[in-house]
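Asks: I have a structure here, written as structure tokens, and I will follow up with some questions on it.
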Amino acid sequence: MEKDRKLIIAGNWKCNKTVAESVALVTDLKRDLASVKEVDIVVCPAFTALDAVSKATPDSNIRVGAQNMGENGYGAFTGEIAAGMLRDLSVRYVILGHSERREYQRETDAIVARKAAAAHAASLIPIVCVGETLGEREANITNEVVEKQVRGSLAGLSAEQVEGTIVAYEPVWAIGTGKTASSAQAQEVHAFIRKVVASLHGDAVARRVRIQYGGSVKASNARELMSQPDIDGALVGGASLEAKSFVDLIKNSI
Ligand code: 13P
């Protein structure tokens, strides 16, 4: 189905790959995806490989994203990376509030919202992740959980900033488990997220905001998921770690 919104497919490499491995992967992707115009393609390597991957992708259709950033900018924040430092490496996107960070680093909606504001202030495009756990789905509170995360994680952003934010719906139970939400389950939550955005900033913003699905997306299920009316792309973990699986996934999505 033709959508007004351009598909955006991002590979989240998580805590994987040396610099050399990262450059080798992006070099293969550049070659194999050069003709793809229909999709915004993003790769998100570890911080240590951002510079090298960025330098390997000028004049290509592949953009680079980080997987996190500090909320405070430059200063006495040992171990943090400022948004400006990412811009300095020509990074365009930053994943924020991934469920792994919410779980292992105790990131809250309020922290994600402050990071999203800092990202926009530095002209980075945040990819803000939300999604329920298996227990929450089984307790039938998916909508409540996701609504709270969307409202909390976008709090304080202007309508224009929300429109320029990517929301990634990643049900926690589908991440790295091989269990994908069915396309109907995913579509239902995506439509609901769009409604929440509409209640915050109106229909026009909700119509334009792009919402990715994440959780065991692979070449074989990408077409079905991407053909849903409110699914505007994918945030891909495992299947983005090798050129062939990521290339096939993207080609199957268009
Ligand atoms: P998988 O594609 O490995 O399930 O990971 C999804 C994810 O967490 C992307 O951010």
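No lab work stands behind these numbers, since they all come straight from the coordinates. The structure presented is a predicted model; accordingly, all values stated were derived computationally and were not measured. Because the Cβ atoms are built from the backbone with ideal geometry, glycine has one as well, and the counts that use them run over all protein chains shown.
Asks: Just checking, how many residues over the stretch 134-158 are over 12 Å from ASP109 (Cβ atoms) and of a type in the set (Ser, Thr, Tyr)?
Replies: Result for the stretch 134-158: 2.
Asks: Something else now. Take the stretch 220-237 and flag every residue that is crowded, with 18+ Cβ neighbours inside 10 Å and either over 19 Å from ILE193 (Cα atoms) or of a type in the set (Lys, Arg) (or both).
Replies: Scanning the stretch 220-237 gives ASN221, ALA222, VAL236, GLY237.
Asks: Right, here's the next one. Could you list all residues from the stretch 76-129 that are within 17 Å of VAL145 (Cβ to Cβ), outside any helix (DSSP H, G or I) and within 16 Å of the ligand (Cβ to nearest atom)?
Replies: Listed by number, the residues that qualify are GLY97, HIS98, GLU107, VAL128, CYS129.
Asks: Here's something else I'd like to know. Could you grab the pairs with beta carbons closer than 7 Å, sequence gap of 6+ or different chains, first residue in the stretch 193-215 and at positive phi and buried (at least 21 other Cβ atoms within 10 Å of the Cβ), second one in a loop (DSSP other than H, G, I, E, B) and of a type in the set (A, V, I, L, M)?
Replies: As it stands, the answer is GLY215/ILE175; GLY215/ALA181, since those pairs meet every condition given.
Asks: Let me ask you something else. Is it true that some residue in the stretch 175-184 is of a type in the set (Val, Ile, Thr) and surrounded by fewer than 20 Cβ atoms within 10 Å (Cβ to Cβ)?
Replies: There is at least one residue in the stretch 175-184 that is of a type in the set (Val, Ile, Thr) and surrounded by fewer than 20 Cβ atoms within 10 Å (Cβ to Cβ).
Asks: Among the listed residues LEU225, LEU249, which satisfies the condition of being farther than 17 Å from VAL150 by Cβ, more than 11 Å from the ligand (Cβ to nearest atom) and either in a helix (DSSP H, G or I) or out of contact with any Asp or Glu (no Cβ under 8 Å at 6 or more places or on another chain) (or both)?
Replies: LEU225
Asks: A further question on this structure: Within the stretch 153-165, can you find the residues that are touching an Asp or Glu at 6+ places or on another chain (Cβ under 8 Å) and buried (at least 17 other Cβ atoms within 10 Å of the Cβ)?
Replies: Listed by number, the list holds a single entry, SER153.
Asks: Here's something else I'd like to know. Quick test of your reading of the structure: SER35 fulfils all but one of (1) farther than 17 Å from LYS251 by Cα; (2) surrounded by fewer than 18 Cβ atoms within 10 Å (Cβ to Cβ). Name the failing condition by number.
Replies: Of everything listed in (1) farther than 17 Å from LYS251 by Cα; (2) surrounded by fewer than 18 Cβ atoms within 10 Å (Cβ to Cβ), SER35 misses just condition (1).
Asks: So, one more: For the structure I just gave you, tell me whether GLU147 is under 17 Å from SER99 (Cα atoms), under 18 Å from the mean Cα position of the chain (by Cα), within 16 Å of the ligand (Cβ to nearest atom) and of a type in the set (D, E, K, R).
Replies: no
Asks: Only one of GLY178, GLY135 is closer than 24 Å to GLU100 by Cβ and within 15 Å of the ligand (Cβ to nearest atom); which?
Replies: Being closer than 24 Å to GLU100 by Cβ and within 15 Å of the ligand (Cβ to nearest atom) holds for just one of GLY178, GLY135, which is GLY178.
Asks: Could you say whether any residue in the stretch 47-55 is surrounded by fewer than 21 Cβ atoms within 10 Å (Cβ to Cβ), touching a residue at least 60 places away in the same chain (Cβ under 8 Å) and not in a loop (DSSP other than H, G, I, E, B)?
Replies: no
Asks: Can you go through PRO45, PRO58 and tell me which one is within 16 Å of the ligand (Cβ to nearest atom) and farther than 30 Å from ARG207 by Cβ?
Replies: Within the list PRO45, PRO58, the selection yields PRO45.
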